[in-house]
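Colleague: Please read through the structure below; I'll follow up with questions.
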Amino acid sequence: MEPSRAVKLLAATPTKPGVYTMKDAAGSVLYVGKASNLRNRLRSYFGAPADLSIKVLEMMPRVEEFEYIVTASEAEALLLENNLIKRHKPRFNIRLKDDKNYPYIKVTLQEDWPRLDITRRVSQDGARYFGPFASASSMRKTMALLKRLFPYRSCTKAITGTDPRPCLEYHIHRCVAPCVGFVTKEQYRQVIDQVCLFLDGKQDTVLRQLRLDMQAASDAEAFERAALVRDQIQAIERVAQEQKAVSLERQDQDVIAVAQDGDEALVEAFFIRQGKLIGRESFLLEGARGEAPATVLGEFAAQYYATAAQVPPEILLQHEPADVEALRALASARRGKLVAIKTPVRGDRKKLMEMVAANAREGLQRRRVQWMADREKVAGALGDLQEHLSLRAPPRRMETYDISNIHGQSAVGSMVVFVNGEPRPREYRRFRIKGVEQIDDYAMMREMLRRRFARLGRKAGDAFTPGAGSEAAATEGFGVVPDLVLIDGGKGHLNAALEVLLGLGLGDLPLASIAKREEEVYIPDMDEPVPLPRRSQALYLVQRMRDEAHRFAITYHRAVRSRASVRSALDDVSGIGPWRKKALLGRFGSVQAIRDAPVDELATVMGMTRSLAERLKEKL
């Protein structure tokens with residue numbers, strides 16, 4: 001941005017709190033920031049270079065304009081900043097890696113017979129939410145533990161209490177069977193309340209309630225019921241014993257520390273309830289290069305507690321962020337009560353923080369060792385492929401193709417992309433095969449490849465260089481040149497692919513195929529398969545790409561076939577057009593449900609008449 005233009009814009013910038021965005025010439029957001037005084041904060045970016053951080057020095061030559069939004073307070077600015085970071089994912093911001101909506105456990109308390117669901121969005125719908133969890137796997141482990149400890153229902157059926165018999169879960173003591181009326185709503189709600197207490201870390205309260213239940217069952221000589229509750233008590237006690245007591249004060253607090261390595265940072269969070277460690281999560285952040293640990297912790301805490309379903313009365317941070325007051329206001333607003341944010345400097349809290357910080361350092365080191373091991377494996381696999389397939393360089397970008405159909409019907413093709421040995425799902429592509437009517441996999445493969453490489457074919461000649469895949473090109477869609485094209489199939493499929501590439505002037509494009517039966521790899525101009533060792537990393541990588549292409553093709557084929565089934569069943573009925581079909585499916589959910597519905601009910605759907613409903617029923 002020209003200095004004179006910046007001066008004019010800064011002069012018009014208010015001195016109020018707010019959020020600002022830095023943009024490049026294309027209008028892309030480079031950075032999102034917050035400030036208690038917008039003018040002063042923005043002016044600092046245009047000061048002497050010696051006063052700027054390495055990240056800002058790298059960013060400012062790209063900045064062409066800045067925009068700002070005035071907010072009522074710093075806490076409001078903090079929340080808006082978090083939302084904008086999630087939306088734009090600016091490259092110069094510290095942000096949660098693989099940013100997404102993290103999973104929560106949702107307890108549907110607003111329903112008569114509550115369930116436990118998995119969700120990635122928190123709504124004001126009367127349900128209780130627990131989380132967020134750093135990964136789906138850690139959340140599912142918690143769900144599995146809850147199901148072992150508490151007999152709540154996991155089905156989604158409407159509960160009437162009139163089912164003829166309970167399902168298997170009742171017989172293995174994993175459900176109290178409200179579907180057959182074995183419990184009242186109040187008794188079932190007690191089970192759900194115990195789940196919530198357990199997730200809140202109040203195991204002692206749960207155990208106290210269960211011991212009273214066991215005694216009551218015993219007094220009533222319901223000894224089988226008393227034995228079941230006894231087993232439940234013992235299971236919860238085992239879990240409670242595994243939860244390490246880390247505080248004698250029996251407080252509820254989150255303890256958060258950070259470890260950094262280059263651009264990446266790992267934040268370790270310990271969740272302590274009633275003085276016991278009930279859970280821990282590790283969160284990866286990127287964009288942390290050159291940033292102070294306090295800044296990284298502040299950015300993480302703002303992003304985490306902006307959506308956290310549970311905020312304890314006390315949060316301990318390893319380093320105090322500059323905007324700690326705004327962060328305290330944000331956390332207090334989420335909790336609905338005052339939240340204390342502290343940085344321990346002595347005593348038991350300091351020792352606890354040191355333990356969390358040690359776990360953060362160990363976790364980051366473990367990731368680095370794993371990453372190095374994986375990188376070595378991938379590098380070895382790519383080097384082996386270069387050698388065995390006679391490539392000019394290790395294949396950085398590889399594209400794999402597969403065809404899926406049943407007797408030529410609903411034929412589709414898939415293209416999956418691997419870059420440096422890792423899948424790039426955002427670059428996957430699907431193809432509907434349009435020009436092949438009969439059963440001819442070779443013709444279908446030719447059609448798909450012709451559509452994929454037609455653009456490169458038009459650029460063939462001096463614009464085409466095998467092995468030219470690059471990080472920049474990896475996001476250019478069909479304009480990028482792959483370093484290797486892999487076909488799922490044998491010699492026949494390979495020859496069909498080669499025919500297309502030769503016709504487009506791309507005969508030098510590296511090409512190979514893998515046959516399913518013997519897991520043999522073929523390349524053009526060789527009658528015998530390439531001798532890839534059976535246990536080599538190169539063969540494992542090729543198999544992984546082939547399997548991913550097959551999975552992607554099958555998934556798409558099932559969706560196409562399902563839509564075709566719906567079309568053929570309803571579209572053959574005279575008078576059922578797209579509007580009525582949508583209304584019918586919206587009411588009943590499936591063709592089978594429409595087929596089973598009585599005529600009178602079909603006639604009540606908007607746009608339907610009784611005569612049309614009778615015709616539909618007869619046709620189905």
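The values are calculated or read from the model by the stated rules, or taken from the named source; none is laboratory data. Everything numeric here is computed off the predicted structure, so don't read it as measured data. When we count neighbours, we look across all protein chains shown, and the Cβ atoms used for this are built from the backbone with ideal geometry, even at glycine.
Colleague: Restricting to the range 113-153, name every residue that is in a loop (DSSP other than H, G, I, E, B), out of contact with any Leu (no Cβ under 7 Å at 6 or more places or on another chain) and loosely packed, with under 13 Cβ neighbours inside 10 Å.
Modeller: Listed by number, the residues that qualify are 121, 123, 124, 125.
Colleague: In addition: Taking the stated definitions as given, is residue 95 closer than 30 Å to residue 140 by Cα, at pLDDT 90 or above and of a type in the set (Lys, Arg)? Full working, then the answer.
Modeller: Values: closer than 30 Å to residue 140 by Cα: yes; at pLDDT 90 or above: no; of a type in the set (Lys, Arg): yes.
The answer is no for residue 95.
Colleague: Now a separate question. Taking the condition assigned to a helix (DSSP H, G or I), at pLDDT 80 or above and of a type in the set (Lys, Arg), does residue 452 pass? Working first, answer last.
Modeller: On the way: assigned to a helix (DSSP H, G or I): yes; at pLDDT 80 or above: yes; of a type in the set (Lys, Arg): yes.
Considered against the rule, which asks whether it is assigned to a helix (DSSP H, G or I), at pLDDT 80 or above and of a type in the set (Lys, Arg), residue 452 comes out as yes.
Colleague: Moving on to the next point. Might you let me know whether the range 546-561 holds any residue that is part of a helix (DSSP H, G or I), hydrophobic (A, V, I, L, M, F, W, C) and free of Cβ contacts under 8 Å to residues at least 12 places away in the same chain?
Modeller: First pass over the range 546-561, keeping only residues part of a helix (DSSP H, G or I): 546-561.
Now narrow it down to the ones that are hydrophobic (A, V, I, L, M, F, W, C): 549, 552-554, 559-560.
From what's left, free of Cβ contacts under 8 Å to residues at least 12 places away in the same chain: 559.
For the range 546-561, residues part of a helix (DSSP H, G or I), hydrophobic (A, V, I, L, M, F, W, C) and free of Cβ contacts under 8 Å to residues at least 12 places away in the same chain: present.
Colleague: If you check residue 384 against the conditions, is it out of contact with any helix residue (DSSP H, G or I) (no Cβ under 8 Å at 6 or more places or on another chain) and more than 17 Å from residue 511 (Cβ to Cβ)?
Modeller: Working: out of contact with any helix residue (DSSP H, G or I) (no Cβ under 8 Å at 6 or more places or on another chain): no; more than 17 Å from residue 511 (Cβ to Cβ): yes.
No.
Colleague: Among the listed residues 297, 364, identify the single one that is at pLDDT below 90 and either touching an Asp or Glu at 6+ places or on another chain (Cβ under 6 Å) or not β-branched (Val, Ile, Thr) (or both). Lay out the reasoning, then the answer.
Modeller: On the way: 297 fails: at pLDDT below 90.
When all the criteria are applied, what remains is 364.
Colleague: Let me ask you something else. Scan the range 384-403 and give yes if some residue there is surrounded by 14 or more Cβ atoms within 10 Å (Cβ to Cβ), among the hydroxyl-bearing types (Ser, Thr, Tyr), in contact (Cβ under 8 Å) with a residue 40 or more places away in the chain and touching a strand residue (DSSP E or B) at 6+ places or on another chain (Cβ under 6 Å), otherwise no.
Modeller: yes
Colleague: Would you check if residue 175 is without any contact (Cβ under 8 Å) to a residue 60 or more places away in the chain and either closer than 21 Å to residue 107 by Cα or not small (Gly, Ala, Ser) (or both)?
Modeller: Working: without any contact (Cβ under 8 Å) to a residue 60 or more places away in the chain: yes; either closer than 21 Å to residue 107 by Cα or not small (Gly, Ala, Ser) (or both): yes.
Yes, satisfied.
Colleague: When only residues in the range 195-225 that are under 19 Å from residue 275 (Cα atoms) and of a type in the set (S, T, N, Q) count, which is surrounded by the fewest Cβ atoms within 10 Å (Cβ to Cβ)?
Modeller: My answer is 205.
Colleague: Moving on. Filter the range 319-354 for residues that are of a type in the set (Val, Ile, Thr) and in a loop (DSSP other than H, G, I, E, B); which is nearest to the chain's Cα centre (by Cα)? Lay out the reasoning, then the answer.
Modeller: Of all residues in the range 319-354, those of a type in the set (Val, Ile, Thr) come to 324, 339, 341, 343, 345.
Checking the rest, the ones that are also in a loop (DSSP other than H, G, I, E, B) come to 339, 343, 345.
Values: 339: 30, 343: 32, 345: 37 Å.
Step by step, filter the range 319-354, then rank; the result is 339.
Colleague: Another one. Restrict the check to the range 568-585 and report whether at least one residue is within 30 Å of residue 402 (Cβ to Cβ) and β-branched (Val, Ile, Thr).
Modeller: Of the range 568-585, the ones within 30 Å of residue 402 (Cβ to Cβ) are 568-569, 571.
Restricting the remaining residues to those that are β-branched (Val, Ile, Thr) gives none.
No; the residues of the range 568-585 include none that is within 30 Å of residue 402 (Cβ to Cβ) and β-branched (Val, Ile, Thr).
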